[in-house]
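Trainee: My questions will all concern the structure given below.
Laboratory data are not the source of any read-out in this text; all were calculated from the coordinates shown. As the structure is a computational prediction, the values presented were derived from the model and not from experiment. Reconstructed Cβ throughout: ideal geometry from the backbone, glycine too, with neighbour counts over all protein chains shown.
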Amino acid sequence: MSESSDELTPRENFAASNYRNAEATFKRTLIRKLTFIIPSIGLMVVWLITKDPAYAYMGYGLLLYQIVNSIFQAKRGLQTASKVMAKYEKKFQNKPDA
């Protein structure tokens, strides 16, 4: 490939676009979090009604999965943001003052 190291990759472009539209990013994040929280609460309610601990295990398992997944996604996002920032810093350092 003849891609320059100064050009942003598709993943880096996507990460940069998250900062351009913060409200949409917040809405997507909220919906993603609620898709785990609501079923987990539902499983806890079923556990309280039925007293079957399997529902509680599943409810806590969903929350644990969501937390671990969020940690790994945050790590990937920070690495991508770091690469984007390094490329922009390099671009500004190489730019002659006008």
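Trainee: Given the options Leu8, Asn69, Ile41, identify the residue whose Cα lies farthest towards the positive end of the charge dipole of the chain (+1 on Cβ of Lys, Arg; -1 on Cβ of Asp, Glu).
Mentor: Value: Ile41.
Trainee: Determine the relative contact order of segment 10-88: mean sequence separation of Cα pairs under 8 Å and six or more apart, normalised by residue count, in whole percent.
Mentor: Working: 38 pairs, mean separation 30.1, N = 79.
About 38 percent, as a whole number.
Trainee: For the chain, what is the charge dipole size about the Cα centre, in debye to the nearest 20, if Lys and Arg each add +1 at the Cβ and Asp and Glu each add -1 at the Cβ? Mind showing how you got there, number by number?
Mentor: On the way: 14 positive and 8 negative charges, 25 e Å.
Charge dipole, the chain, about its Cα centre: 120 debye, nearest 20.
Trainee: Quick one: go through segment 27-44 and flag any residue whose amide nitrogen is under 20 Å from the point 7 Å out along the Cα-to-Cβ line of Ala81.
Mentor: Answer for this model: 27-34.
Trainee: Here is a follow-up. What's the Cα-based Rg to Rh of segment 55-98, Rh via Kirkwood?
Mentor: Details: Rg = 19.3 Å, Rh = 13.2 Å.
Ratio value, two decimals: 1.46.
Trainee: Straight-line reach from Lys27: which lysines have Cα under 21 Å away, leaving out those fewer than 8 places along the same chain?
Mentor: Lys75
Trainee: Further, regarding this structure: Could you please rank Tyr55, Tyr88, placing first whichever residue has the fewest other Cβ atoms within 10 Å of its Cβ? Please list the in-between numbers first.
Mentor: Values: Tyr55 18, Tyr88 13.
Listed from fewest to most nearby Cβ atoms, that is Tyr88, Tyr55.
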